[in-house]
């Protein structure tokens, strides 16, 4: 029956799993016991989901920070952001290598691919918007905002936590966004036809 | 097990702990002794988690792998109130059933 304890929420397991595992050593295994554990797991997940947003990051002297659901999945969101920004990354790196650095033969290789891929109208806006959207996705689990009203004023506290993968993805998004912005600036300000 | 049939696992755990601190298995045996009811491990620890979160019971330092729990002052007051309410209901119910 011990393996059914893996069905419980992580916070519950951290607190009670060892005790229940010990108890299970003394209780004969039975289908009723298994059902009871499964039912208990469902109930604990429901309780965890219905628990109000609580302070996870508690700044000294500041208001409690609200934990929003996105904060529970920083790695998943970082990977999602990475997948979103991936095509733009490949596109920019290939373009830099082919046209700026001049890797022999690369331009001829990628041109038909680029022409085929960028055919649909939505591809260019997607490639341009991806770093900015991916930035928002990767940063969302890292930021917490707390509000407290006291002495007739509203106090707002912004907390930021660092998660290695999310920070790497953020840096990548900033670099790609910067390259794209720079490219667009040069394209439209200095190379646009006058008059 | 329904909480409305007078066999609320939380209430049974509180009653058990009113007799002194106990760990999970001891609570199971105690409850089985005074009700004939065998609580499942999920039901027992669901009740313990809820009661601990409400401050009605508290965990004591672990004794090996077992952790005993005891009733808090708040828990004792809550249990007294709950049992008094039940006692009044039981008294009225028994009286009415004898009249009927």
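The values are calculated or read from the model by the stated rules, or taken from the named source; none is laboratory data. Nothing here was measured: the structure is a model prediction, and the numbers come from that model. Every residue, glycine as well, gets a Cβ built from its backbone with ideal geometry; the counts of neighbours run over all protein chains shown.
Take the range A:159-191 and flag every residue that is assigned to a helix (DSSP H, G or I) and within 22 Å of residue A:72 (Cβ to Cβ).
The answer is A:164, A:165, A:166, A:167, A:168, A:169, A:170, A:173.
Please find, among B:38, B:7, the residue that is outside any helix (DSSP H, G or I), more than 14 Å from every other protein chain (Cβ to nearest Cβ) and under 26 Å from residue A:24 (Cα atoms).
None of the other options fit; the residue is B:7.
Kindly provide the set of residues from the range B:59-79 that are assigned to a helix (DSSP H, G or I) and surrounded by 12 or more Cβ atoms within 10 Å (Cβ to Cβ), ordered by number.
B:74, B:75, B:76, B:77, B:78, B:79
Considering each of B:39, B:48, B:14, B:56 in turn, give the residue that is buried (at least 16 other Cβ atoms within 10 Å of the Cβ), over 21 Å from residue A:11 (Cβ atoms) and touching a strand residue (DSSP E or B) at 6+ places or on another chain (Cβ under 8 Å).
The match here is B:14.
Scanning for something under 25 Å from residue A:79 (Cα atoms) and either modelled with pLDDT under 90 or not in a strand (DSSP E or B) (or both), does the range A:151-158 turn up at least one residue?
Taking every residue of the range A:151-158 in turn, at least one turns out to be under 25 Å from residue A:79 (Cα atoms) and either modelled with pLDDT under 90 or not in a strand (DSSP E or B) (or both).
What pairs come out if I take residues in the range A:17-45 that are more than 9 Å from chain B (Cβ to nearest Cβ) and pair them with residues that are at pLDDT 85 or above and part of a helix (DSSP H, G or I) whose C-beta lies under 8 Å away, six or more apart or interchain?
A:17/A:5
Scan B:38, B:70 and give me the residue that is more than 29 Å from residue A:35 (Cβ to Cβ) and in contact with a helix residue (DSSP H, G or I) (Cβ under 9 Å, 6 or more places away or on another chain).
When all the criteria are applied, what remains is B:70.
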